Amino acid sequence: MMRQHTRVIGWLMAVLAMAVFTALGFWQLQRMHAKQALLDAQGPAVAQALLLAQALAAPGALHGVADHGRFLPGVVLLDNQTRQGRAGVKIYRPFQSDGGSVLLVDLGWRALPPDRALPQVPAPPSPV
């Protein structure tokens, strides 16, 4: 009698696990379609560039940005970033537009030397 009870519980757990993993698979497919729609909207968004203040006023929407301003002092280094098996850092620097809006600009990735010394990041030319 006990063995029959254990067998039923095992089958119920297996069916439940299949249902959970099927739901997770559909969730992943939904995310894929949403990201593909975002990538498809990127082309027209970049072609119609806005000023930084206008783009910040419409959060959630994808916009190309073209503005004038200057990079502010200071740098943000995001460590432990890897590319093709090499350790490095992502480099960010604050940018202030002529209209007064400020945001962090991604300046790319730089490989670290074997001693993992952080790189000296020269200031980009200003104004840009």
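The values are calculated or read from the model by the stated rules, or taken from the named source; none is laboratory data. Nothing here was measured: the structure is a model prediction, and the numbers come from that model. When we count neighbours, we look across all protein chains shown, and the Cβ atoms used for this are built from the backbone with ideal geometry, even at glycine.
The single residue among 30, 36 that is out of contact with any His (no Cβ under 8 Å at 6 or more places or on another chain), within 30 Å of residue 110 (Cα to Cα) and at pLDDT 90 or above turns out to be 36. Note on the stretch 69-114: residues that are in contact (Cβ under 8 Å) with a residue 24 or more places away in the chain, over 24 Å from residue 56 (Cβ atoms) and over 20 Å from the mean Cα position of the chain (by Cα) total 1. Within the stretch 105-127, the set of residues being surrounded by 12 or more Cβ atoms within 10 Å (Cβ to Cβ) and assigned to a loop (DSSP other than H, G, I, E, B) comprises 112, 118, 119, 121, 123, 124.
Once the stretch 50-62 is narrowed to residues that are farther than 22 Å from residue 124 by Cβ and within 18 Å of the chain's Cα centre (by Cα), the residue that is surrounded by the fewest Cβ atoms within 10 Å (Cβ to Cβ) is 60. Scan the stretch 50-60 for residues that are without any contact (Cβ under 8 Å) to a residue 12 or more places away in the chain and hydrophobic (A, V, I, L, M, F, W, C) and the total you get is 3. Of the residues making up the stretch 37-49, those that are in contact (Cβ under 8 Å) with a residue 12 or more places away in the chain and under 21 Å from the mean Cα position of the chain (by Cα) are 38, 41, 42, 45, 46, 49. Residues considered: 75, 46, 102, 65. Of these, the only one that is closer than 27 Å to residue 128 by Cβ, at pLDDT 90 or above and surrounded by 10 or more Cβ atoms within 10 Å (Cβ to Cβ) is 75.
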